[in-house]
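Visitor: Quick one: this structure, given as structure tokens, is what I'll be asking you about.
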Amino acid sequence: RDYYYFKISGKLNAKGSVMSLLSRDCSADSVPEYAFTFLFWSCDGLMSAPLLPANTLSNQCYNSMFSGCKSLIEAPVLPATELAEGCYEFMFTRCTNLIKAPELPATALAENCYYGMFLDCKSLKITPSLPAAKLTYACYSDMFNGCESLNEAPELPATELASFCYSSMFSSCKSLIEAPSLPATELAEGCYRYMFYNCTSLTKAPVLPARKLVEDCYYGMFCKCVKL
């Protein structure tokens, strides 16, 4: 696929609604597949993001949209409740000045929807609520991987898991001191794979109530947690 993206030099604040790129009157309420993929990719000088008001998303629509925007200090509001495969995948990867994540109100998830969303956001300290009770394939995989400043994880109330749903979710969160409760009793392939890998400040593991295990469910879950 070919993608259009901005090349920006110097500092910039993006204003208005991104939907103006789809319709002049901003009347659209849904984002087409791949519409804004890589749109601001590696724009080091981008300090503020445009509005993202759409409620209905499509496959990969915001994939890597702000990846590498190292000057971005505040994420846009993300009101969408209808997600799609990979819609937020790698959206804020390497936004190293981002401190607070936006709220994520959706309760019905899609495959890979939050995959790597805040990967290597080294300043991130405040996470959104993650209320979904039913997960999907790799939905939270690598979501906070490399968030070295994160010392508190969001609650994870889901009881219906999916393959690789939490894989590497908090890998290398070196400031994380307490793991969230994990109430699920029915597991899925690789569901907790490398979930807390290299969390070097973690001192206590959560209770794991499941009695019937599946392939790779706990693989490397606490690997390199040297204080555990």
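Visitor: Ignoring everything but the protein chains, give the 1.4 Å probe accessible area of Ser171 in square angstrom, nearest 10.
Guide: We get 10 Å² for Ser171.
Visitor: If you don't mind, another one. Sorted from largest down, give the three principal axis spans of the alpha carbons of the stretch 41-120, whole angstrom values.
Guide: On the principal axes, the stretch 41-120 reaches 33, 19, 18 Å in Cα extent.
Visitor: Report, to the nearest whole %, how much of the accessible area of the stretch 124-228 belongs to carbon and sulfur atoms, 1.4 Å probe, protein only.
Guide: Details: 2320 of 4890 Å².
Carbon plus sulfur share of accessible area: 48 percent.
Visitor: Give the calculated FRET efficiency between Ser181 and Leu213 to the nearest 0.05, with a Förster radius of 25 Å applied to their Cβ-Cβ distance.
Guide: That pair, Ser181 with Leu213, gives E of 0.85.
Visitor: Taking a 1.4 Å probe, which of Lys224, Lys212 shows the most accessible area, and what order do the others take after it?
Guide: If we order Lys224, Lys212 from most to least accessible, we get Lys212, Lys224.
Visitor: Next up: Could you work out what % of the accessible surface of the stretch 9-111 is carbon and sulfur, using a 1.4 angstrom probe and leaving DNA, RNA and ligands out of the count?
Guide: For the stretch 9-111, the apolar C and S fraction of the accessible surface comes to 52 percent.
Visitor: Something else about it: Please report the relative contact order for the chain, taking Cα pairs under 8 Å with a sequence separation of at least 6, and give it as a percent rounded to a whole number.
Guide: Reported relative contact order: 12 percent.
Visitor: Cα to Cα, under 18 Å, and not fewer than 8 places away if on the same chain: which lysines meet these conditions relative to Lys11?
Guide: The qualifying lysines are Lys70.
Visitor: Let me ask another. Using amide H atoms built 1.01 Å from N in the peptide plane, name the residues 5+ places from Glu82, or on other chains, whose amide H lies under 5 Å from its own.
Guide: Here Leu57 satisfy the definition.
Visitor: Let me know the number of lysine pairs in the stretch 82-206 closer than 13 Å at the Cα, not counting same-chain pairs under 8 apart.
Guide: For the stretch 82-206, the number of qualifying lysine pairs is 4.
Visitor: In terms of solvent-accessible area of protein heavy atoms at a 1.4 angstrom probe, what is the ranking of Arg211, Arg94, highest value first?
Guide: The ranking, largest first, comes out as Arg211, Arg94.
Visitor: Any number yet on Rg/Rh for the chain, C-alpha, Kirkwood?
Guide: 0.99
Visitor: Also, I was wondering about something else. Apply the Karplus curve 6.51 cos²θ - 1.76 cosθ + 1.60, θ = phi - 60°, to the phi angles in the stretch 221-228 and return the couplings in whole Hz, x for Gly and Pro.
Guide: So the Karplus estimates, Gly and Pro as x, are 4, 10, 4, 6, 8, 6, 9, 5 Hz.
Visitor: I'd like to check one number: the per residue accessible area of the chain, probe 1.4 Å, reported in Å² as a whole number. Mind showing how you got there, number by number?
Guide: Values: 10800 Å² over 228 residues.
For the chain, the per-residue accessible area is 47 Å².
The values are calculated or read from the model by the stated rules, or taken from the named source; none is laboratory data. Since the model is a prediction, treat every value here as computed from it, not as a measurement. Cβ atoms come from the backbone with ideal geometry, glycine included; neighbour counts cover every protein chain shown. Surface accessibility is based on the protein's heavy atoms, side chains included, excluding ligands, DNA and RNA. Shrake-Rupley method; radii C 1.70, N 1.55, O 1.52, S 1.80 Å.
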